[in-house]
Structure formats: C-alpha cells, structure tokens
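One structure is given below, encoded as structure tokens.
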Amino acid sequence: MMEKMIFGRFIPGDSVVHRMDPRAKILFVFLFIAIVFVANNAWGYAILLGFTLLVVFLSKIRLYFLINGLKPVFILLIFTFFLHLFFTREGDLLFSFGFIEVYEEGLRQGIFISIRFLVLVFITSVLTLTTSPISITDGIEVLLGPFKKIKLPVHELALMMSISLRFIPTLMDETGKILKAQMARGSDIGSGPMKERVKAVVPLLIPLFVSAFKRAEDLATAMEVRGYRGGEGRTRYRQLNWQLADTLSLVLLAGLTAALWYFRA
Amino acid sequence: MNSEILSFENVTFTYNAEDGPVRPAVADVSFSIQQGEWIALVGHNGSGKSTIAKLMNGLLFPNKGKVKVFGQEMSEETLWDIRSDLGMVFQNPDNQFVGATVQDDVAFALENNGVPHAVMVERVHEALSQVKMEDYKDHEPHHLSGGQKQRVAIAGALAMRPKLLILDEATSMLDPQGRMEVIETIRRLRESTGLTVISITHDLEEAALAERIIVMNLGQKNMEGTPAAVFSQGSKLTDMGLDLPFAMRMTHLLQEAGVGLQEEHMTEDKLVDELWKYYSKA
C-alpha cells in the first residue's frame, strides 16, 4: 500500500523536468493552480488536459505509474463527479431513473470539475515526483527571500524543514524498534477494540518523544560546535541554477493562459 | 613543531544541581597538549571526561582556572574563532548528521563560516577523499552504516582544515567493524597530515594507539603517560572500572599461570611474537 502511494514521493530521474530549477517548478505549479480557474468551457478544459499530459510526457513519468499511484485520489474524484452529476439541477433533463435525475448542466459540471481536479493533482504530483524534498526546500527558501524584510525567519524555516526531512527515516526506524520492543513485552497494537488500540499507541509514542528530544539536543550541540550561528553570513553549498528551460517553462505557461482567455466563453 | 595547542590550567567545573552542592565534575585538572600529538583521555562513567570535552570547545566555561586553545583563552569573545579551527566528532552517528546528503553534511561547517562556493566544493571533495567516502557523496544518512556516518562526521570536521580534532566517544556506539574503520581513518590521517587528535574514550584498546594517555577518575587527573607506562599500573586501572586491552590481560593471565613472559604486551601481534619465540626457546 505505502509503496504504491506516490503522493509526495520523489523518483530520481533525468528528464527536462527533473533538471529544472526548483524555483521555476514551484512558481510554475502555483501559477498553474491559478490559471486552471480561467477555463470555463469544453475548449478550455481540453487545452488544460492536453497541456497537463504534455508536462507528464516531458517528465518521463509513465502515465500508468502516475494513475496507479494516485488511486486513492481517484476515489475522491469519482465521488465529486457523482456529487455534481446528481445534485446540479439546471439545463435539460437528460434522463431519470427512479428518484435519480441527471441534468445536462450536472453532467457538464461533473466532467469539468473532475478534469480540473485531475490536472491539479497531476501537476503537483509531477512537482514532487521530479524534485527532491531538499531542492523544494531550497526553492522555497529563495522564493520566500523577499519576506525576510518583514522579519519572516525564512532561513530558519527552511532549515527546520530540511532537518525534519532528514530525520523522518531515522525516526521511522526508531518507531519500528520501539514497536518490536513493546511487542516483545506483550503489547498488542494490531487487534482489539478501537479504544484499546489507541491506548496501546501511548507506550509507543512516549519513548519516541523522549528519544526525539534527546536527538534534538545532541544535534543542537553538534551544530553549535560546527559554527552554526543562524542565517547571517552563511554561504550556500547547494546552488540553484536558472536556465533557459526554466524561463521557457514560464513562457509556455503564459501561452497557456493566453489560449485559455481566447477560448473562454 | 613543538608548540602548545591546548592547555588546562587548574580547571574546576561544577554542574549546578537543584538539590544541594555536588562533587565537582572536574576538579583542579591541568594538562597540556602539543601540536601533532595523539592523546587519549580515558576514564570510567562519571570520571569527568565528557565535561572536559565540553570545556575544550566552549560549550561550558570553567568555574576556576583557564582553558587555552591555540594560545587563546576560551571566552565568549574567542569562542567562534577557536571553534572554526577545532573539529569535533560526537558519540551518536545519527544525531550529528545535519545535511540531507553526505556532501551537504560535510559542507555544513563551511557554510556556517561563510566560505565561498568554489572553495567549498574543493574542500568537500578533499575531505571526503581523506576519509575514503567520495563514492558516497550523494547518499542519504539512513543508507550508511554507523562507521560510514562517523567517517562523514570526521570529513565534516576536516573540511574546515582544523588544527585539532576531538573525538568524543566517537567509536562507542559502533560495531567492531565500524570501530576499526574509524580508528583506521584516524591513523591514516595522522600519518598523512600530522593532525593533533584527542580521543576521549573508555576503550583502552583504542587508547593504546595514542602517544600519551591521560587517565581521569572522579573528576581528577589520575595518571598521565605513555600507554606502556599507564598500562603497567594494571590493577589501578581495573580498580577504576577500566578494562585492560585483551593482549595485556592475556599476558597477565599467562604470567600468573607460570609462563615466563618478559614484557608487557599491548598488542596481540607482539604477544604472539613473544609466545612463539618462547615456545621455540623452551
């Protein structure tokens, strides 16, 4: 289950999209999210869908892999589709079956909303699938740079993010160890009524918290000894590199916006 | 060559305790370390050796006495200068890995000290090749063994080209193979660069490799001397809760059993050497 889930996962690769600057990709996704709402007729949604498939194609992620990995999202998608289908009561009545009545406008809305949802999920997945978490953090740090002026601790936020990301596998391992240790002492998390199961989680969480605090303290010491004094006067090892492809991607997005305006009803 | 790199002058430190006065963690300790030495600071739990480590890098300041590093007295003002020339490796391999990948972690101290990017790339490469971890530069920490993580931590310290490397129980959480890797790395570094190393440990096997040993007990300096001199005080060490190296224990047991060995042996090789000579004599 967890292995198949691709939401928020990074798959290393070597495509145009993989090589793009994280700043460009993040900007692209945010602008795209806004642009999606420009489309309001069949032409617009067709263009959006085509554009999204083009991006997926460029990222060299197999469509089958993407669809398979986003299965849980499709359940939500189908749910919203039927919600619109059954509850919009405008336009001509297409057919009725007992108490179920489907109107033309309902069908239209259902399809459009589903496409909108689908392209948003696809584009954001392409971002996380082609960009390592640490690059995303770097990109966010630079993009939020201007907010330093209003005293937003941008560097600290980015460092917190990257340290959290770095410790996820460590703490996962730790959880596994504690789980086994508690199971060896007769704790049973997998069965029993809900109330019992929730209670059984407590002896798992407490040791985890204790060790996380210990780790945090050690890490703070190690950072201090290695000369960490906050963001000021620091240089960066990982450099971001804005290239032609990054500018082109934003130009492409501008083209998309123009096309959507043109076909807008 | 023989210049002093670190010294403790009558240093006393007591932790603040909520429930009344406690015994000083470090009491009136003095010693001096010269450039290019390999020093082992040994002691049982509660001997004050970890406090000494913290006094060396300014995580703690002494209540009495002076700590001098590179000729400067440790104080709030000199602290960051001193730290940029002093590398330190801690006990837990996981809890000192800051970067997302090996090369990011090695670059961390360089970033903190505002080293320009071009120099950083060169230094990271150099440091990783010194600990033979170049092939792992894009690896994430959870894909490395404990020994490899400690080697990365050493590289992280070396990237700053320190004058002094302090290993604070750096091998105590490793399996025997990881421990060998780390000790071998230090030995090679010493040969190629003559780096001054202080290793704080309770493992006398590791201490035996040093040029000089300082033995701590109950916050006081108990003994100081070459490994041979210190280990000759066998029973004193075991009384303090320290384990003698295997070869030494073996030598003592053989002597008790009536095998007339001539010397004290700190390494297995030398013991074996004398044993087969002994056999051919007999």
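Numbers at a glance
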{"read-out": "Answer from A:E105, A:E101 - the residue that is outside the structural domain of A:R166 (by TED's automatic domain parsing), of a type in the set (D, E) and not in a strand (DSSP E or B)", "value": "A:E105"}
{"read-out": "Any hit, the range A:210-220, residues being more than 14 Å from every other protein chain (Cβ to nearest Cβ), in a helix (DSSP H, G or I) and more than 30 Å from B:M120 (Cβ to Cβ)", "value": "no"}
{"read-out": "Where a residue in the range A:225-244 is more than 10 Å from chain B (Cβ to nearest Cβ) and its partner, wherever it lies, is part of a loop (DSSP other than H, G, I, E, B), with Cβ under 7 Å and at least six apart", "value": "A:L240/A:D21; A:N241/A:D21; A:W242/A:D21; A:Q243/A:D21"}
{"read-out": "Residues of the range A:172-231 classified as exposed (fewer than 13 other Cβ atoms within 10 Å of the Cβ) and on the phi > 0 side of the Ramachandran plot, total", "value": "3"}
{"read-out": "Selected residue [within 22 Å of the chain's Cα centre (by Cα), loosely packed, with under 14 Cβ neighbours inside 10 Å and free of Cβ contacts under 8 Å to residues at least 12 places away in the same chain] from B:A229, B:A257", "value": "B:A229"}
{"read-out": "Hey, B:T78 farther than 16 Å from B:I214 by Cβ, surrounded by fewer than 21 Cβ atoms within 10 Å (Cβ to Cβ) and touching an Asp or Glu at 6+ places or on another chain (Cβ under 7 Å) or not", "value": "no"}
{"read-out": "Strands (runs of 3 or more DSSP E) fully within the range B:1-89 counting 1 or more residues that are away from every other protein chain (no Cβ under 14 Å) and farther than 25 Å from B:M240 by Cα", "value": "B:4-13, B:26-34, B:64-69"}
{"read-out": "Filter result (within 7 Å of chain A (Cβ to nearest Cβ), part of a helix (DSSP H, G or I) and without any contact (Cβ under 8 Å) to a residue 12 or more places away in the chain) within the range B:110-129", "value": "B:E111, B:N112, B:H117"}
{"read-out": "Hits in the range B:135-150 (condition: more than 13 Å from B:F97 (Cβ to Cβ), away from chain A (no Cβ under 13 Å) and either crowded, with 18+ Cβ neighbours inside 10 Å or modelled with pLDDT under 90 (or both))", "value": "B:G147"}
{"read-out": "Segments classed as helices (runs of 4 or more DSSP H), wholly inside the range B:156-234, with at least 2 members that are at pLDDT 90 or above", "value": "B:176-193"}
{"read-out": "Residue tally, condition closer than 14 Å to B:A159 by Cβ and either at the interface with chain A (Cβ under 7 Å from one of its Cβ atoms) or touching an Asp or Glu at 6+ places or on another chain (Cβ under 8 Å) (or both), over the range B:98-109", "value": "8"}
{"read-out": "Whichever residue in the range A:97-140 is charged (D, E, K, R) and more than 29 Å from A:G69 (Cα to Cα) and, among such residues, is farthest from the other protein chains (Cβ to nearest Cβ)", "value": "A:E101"}
{"read-out": "Hey, A:I206 among the β-branched types (V, I, T), within 13 Å of chain B (Cβ to nearest Cβ) and assigned to a helix (DSSP H, G or I) or not", "value": "no"}
{"read-out": "Cross-chain or 6+ apart pairs with Cβ under 6 Å, the range A:57-85 first and hydroxyl-bearing (S, T, Y), then surrounded by 16 or more Cβ atoms within 10 Å (Cβ to Cβ)", "value": "A:S59/A:V17; A:S59/A:V126; A:S59/A:T130; A:T80/A:I113"}
{"read-out": "Residues of the range A:251-262 satisfying the condition of being exposed (fewer than 13 other Cβ atoms within 10 Å of the Cβ) and closer than 12 Å to A:F28 by Cα", "value": "A:V251, A:A254"}
{"read-out": "Checking B:E134 against (1) more than 13 Å from A:Y237 (Cα to Cα); (2) touching a residue at least 40 places away in the same chain (Cβ under 8 Å), the condition it does not meet", "value": "(2)"}
{"read-out": "Flag for A:L143 being touching a helix residue (DSSP H, G or I) at 6+ places or on another chain (Cβ under 8 Å), at pLDDT 90 or above and not assigned by TED's automatic domain parsing to the domain that holds A:L83", "value": "yes"}
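The values are calculated or read from the model by the stated rules, or taken from the named source; none is laboratory data. Values in this document were obtained by computation on a predicted structure and should not be read as measured data. Ideal geometry is used to build each Cβ from the backbone, glycine not excepted, and the neighbour counts take in all protein chains shown.
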